[in-house]
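One structure below.
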Amino acid sequence: MTIFEKIVAGDIPAYKVAENDDFLAFLDVFPIAEGHTLVIPKKSTDYIFDIEEQEFIGLHLFAKKVALAIDKVIPCARVGSAVVGLEVPHAHIHLIPINEIGDISFQKEKLQLSSTKMQEIANSISEAFSQL
């Protein structure tokens, strides 16, 4: 069972920002920017391009709504999107607030934010998401 499956099952806590029956979005606990969010299908598939077509479309539409919510509450020029797929064997999309191209580099030092700050960010994104 992957860490993402454990989050979906509720076995591991997460800073959730949005959820529906099929998808979940939560803050990355090793963010490269404030508001760095992971969007996953609840159904586990290792490789994003192995996801069934309708689920793939649904995942991206859900990620779009999450990105719009992030953009409303995190000061940034854009919300960048990246799929790497090497860190956890469960398809996921990174949504990262950016101001320049280098901001989306996974080689950057990870931020260390307090749990209080992470919860504040998650709550603000969640609130913006619910208003879309």
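Return one whole number: the accessible area per residue of region 9-68 in Å², for a 1.4 Å probe.
Details: 3100 Å² over 60 residues.
Dividing the accessible area of region 9-68 by its residue count gives 52 Å².
Once the Cα atoms of region 1-124 are picked out, what are the Rg and Dmax in Å?
13.6, 38
Could you sort Ser115, Ser126 by their accessible area in this structure, using a 1.4 Å probe and putting the largest first? Present the calculation step by step, with values, prior to reporting the outcome.
Details: Ser115 75, Ser126 45 Å².
Most to least solvent-accessible, the answer reads Ser115, Ser126.
Could you tell me the calculated FRET efficiency between Gln54 and Ala77, based on Cβ-Cβ distance and R0 = 41 angstrom, to the nearest 0.05?
On the way: r = 32 Å, r/R0 = 0.78.
It comes to 0.80.
How big is the charge dipole of the chain about its Cα centre, in debye rounded to the nearest 20, if each Lys and Arg gets +1 on its Cβ and each Asp and Glu gets -1 on its Cβ?
On the way: 11 positive and 19 negative charges, 70 e Å.
For the chain, the charge dipole is close to 340 debye.
Pop out the carbon and sulfur fraction of the accessible area of region 34-122 as a percent, whole number, probe 1.4 Å.
Numbers: 2720 of 5080 Å².
In region 34-122, the share of accessible area belonging to carbon and sulfur is 53 percent.
Helix 53-73 versus the longest principal axis of the chain: what is the Cα-based angle in degrees, 0 to 90, to the nearest 10?
Rounded to the nearest ten degrees, it is 10.
Let me have the 222 nm mean residue ellipticity of the chain computed from DSSP H runs of 4+ only, each contributing -39500 (n - 2.57), with the sum over all residues rounded to the nearest 500. Please report the intermediate quantities before stating the final value.
Working: 3 runs with 44 residues, N = 132.
Calculated at 222 nm, the ellipticity per residue is -11000 deg cm²/dmol.
I'd like the accessible area for Leu68, computed on protein heavy atoms only with a 1.4 Å probe and all protein chains in place. Round to 10 Å², please.
90
Could you work out Rg/(2.2 N^0.38 Å) for region 28-85, with Rg from alpha carbons only? Please report the intermediate quantities before stating the final value.
Details: Rg = 12.3 Å, N = 58, 2.2 N^0.38 = 10.3 Å.
The value comes to 1.20.
Let me check against my output: what whole-number percent is the relative contact order of the chain, with C-alpha pairs under 8 Å and at least 6 apart? Present the calculation step by step, with values, prior to reporting the outcome.
Values: 221 pairs, mean separation 41.0, N = 132.
Computed over the chain, the figure is 31 percent.
Amide H of Phe23 versus every other amide H placed in the peptide plane: which residues, excluding those fewer than 5 positions away on the same chain, fall under 5 Å?
For Phe23, whose amide H was placed from the backbone, the distant partners under 5 Å are Lys42.
Where does helix 115-130 land angle-wise versus the long Cα axis of the chain, in degrees 0 to 90, nearest 10?
70
Enter the accessible area of Glu53 (Å², nearest 10), with the probe set to 1.4 Å and all protein chains included.
Per-residue accessible area (Glu53): approximately 130 Å².
The values are calculated or read from the model by the stated rules, or taken from the named source; none is laboratory data. As the structure is a prediction and not an experimental result, all values here were calculated from the model. When we count neighbours, we look across all protein chains shown, and the Cβ atoms used for this are built from the backbone with ideal geometry, even at glycine. Ligands, DNA and RNA are stripped out before the accessible areas are found, and what is left, the full protein with its side chains, is counted by its heavy atoms. Shrake-Rupley method; radii C 1.70, N 1.55, O 1.52, S 1.80 Å.
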